[in-house]
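Colleague: The structure that follows is given in the form of structure tokens.
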Amino acid sequence: MSEAPDPKTFFSERFPAQLNRSLAEQEQATQTAQRALEGMRAVAATIRFDVRGEGGVTVFVNIGNGRSSASDAPAQPPFLSIAVERAHYEPLFREAGDNVLGFLGGIAGMGAPIKLTRGRVEQIAAVGGTLCFEVTGEGGFELLARLGDAAPGEVADTTIRVDAQAYRELRDGRLEPQEAFLAGKIAVEGDMQRAMQLALAVLSPD
């Protein structure tokens with residue numbers, strides 16, 4: 001620890017400066033949160049979910065002014081369509097819970113639930129293509145995600161495969177994607193550039 005300044009310097013200069021820094025940090029955090037809120041309220045988009053097989057269902061989640069509701073019909077062409085086999089639904093729920101888009105944050109190692117802002121929706125849609133995301137090992141699951149306004153194809157352009165433990169560490173922000181990739185915990189087959197574009201879209205500022 002550095003040597004303490006004389007009392008007059010500390011109380012006249014250092015302490016007020018610290019309080020001013022704290023205020024500036026809070027102002028910055030508030031501005032960032034306000035931008036995220038405005039971006040979330042500006043979303044007008046649809047996500048399509050297909051659970052395939054016996055007991056399956058198709059649901060459209062329509063988002064307007066940031067508020068979401070489920071419907072049998074899309075309010076606009078989906079920017080994201082997710083398909084999962086019925087047998088993989090329970091494992092997906094166990095890993096993601098109510099945050100079914102958590103796999104996107106897991107790919108990018110966000111360590112936090114993804115916020116759907118207008119900018120992020122537009123960037124994810126612009127990536128395009130069909131991605132297969134597979135969590136291997138006990139409790140794993142597989143899903144197809146179509147980025148853009150078409151239904152998921154049966155063949156993915158890009159497959160991202162990660163073991164279950166590494167996925168949980170990525171999702172919780174305890175493991176960096178680059179570190180996981182170099183260690184062989186993430187495997188990418190097909191269009192590597194598309195996988196990178198998706199990660200960048202997910203990590204774009206709120």
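Colleague: Pick out which of Gln193, Gln18, Gln34 has the largest mean-square fluctuation in a Gaussian network model of the chain, springs linking Cα atoms closer than 10 Å.
Modeller: It is Gln18.
Colleague: Got a sec? Charge dipole of the chain, +1 on Cβ for Lys and Arg, -1 for Asp and Glu; which of Thr130, Gly53, Ile186 is way out at the positive end?
Modeller: Result: Thr130.
Colleague: Helix-only estimate, please: 222 nm mean residue ellipticity of the chain, summing -39500 (n - 2.57) across DSSP H runs of length 4 or more and dividing by its residues, to the nearest 500.
Modeller: -12000 deg cm²/dmol
Colleague: Once you place label points 7 Å from the Cα toward the Cβ at Ala36 and Lys115, how far apart are they in nm?
Modeller: 0.4 nm
Colleague: With the chain treated as a Gaussian network of Cα nodes joined by springs under 10 Å, which of Pro77, Pro16, Pro113 yields the largest mean-square fluctuation?
Modeller: Fluctuation is largest for Pro16.
Colleague: Taking only Cα atoms and a 10 Å spring cutoff, compute GNM fluctuations for the chain and point out the largest among Leu175, Leu92, Leu23.
Modeller: Ranking Leu175, Leu92, Leu23 by mean-square fluctuation puts Leu23 first.
Colleague: Convert 4 °C to kelvin, take the viscosity as 1.567 mPa s, use the Kirkwood radius over C-alpha pairs of region 1-41 as Rh, and evaluate the Stokes-Einstein diffusion coefficient in µm²/s, rounded to a whole number.
Modeller: Answer, rounded: 104 µm²/s.
Colleague: In what sequence, highest mean first, do 180-187, 121-128 appear when ranked by Cβ atoms within 10 angstrom?
Modeller: Sorting 180-187, 121-128 by mean packing, highest first, produces 121-128, 180-187.
Colleague: Sticking with this one: May I ask for the angle, rounded to the nearest 10°, between helix 192-202 and the longest principal axis of the chain, with both axes built from Cα atoms and the value confined to 0 to 90°?
Modeller: 50 degrees
Colleague: So, one more: How high is the FRET efficiency from Ser71 to Gln28, r the C-beta distance, R0 41 Å, rounded to 0.05?
Modeller: Working from the Cβ atoms, E equals 0.60.
Colleague: Taking amide H positions as placed in the peptide plane 1.01 Å from N, state which residues far from Gly66 in sequence (5 or more) or on other chains have amide H under 5 Å from it.
Modeller: Result for Gly66 returns Val43.
Colleague: Which of these values of mean projected area of the Cα convex hull in nm² was calculated from the structure shown: [x] 10.9; [y] 15.0; [z] 11.8?
Modeller: Working out mean projected area of the Cα convex hull in nm² from the coordinates points to [y].
Read the figures in this text as sums done on the coordinates, not as results from a lab. Source: prediction; values computed, not measured. Don't worry about glycine lacking a Cβ; one is built from the backbone with ideal geometry, like all the others, and counts go over all protein chains shown.
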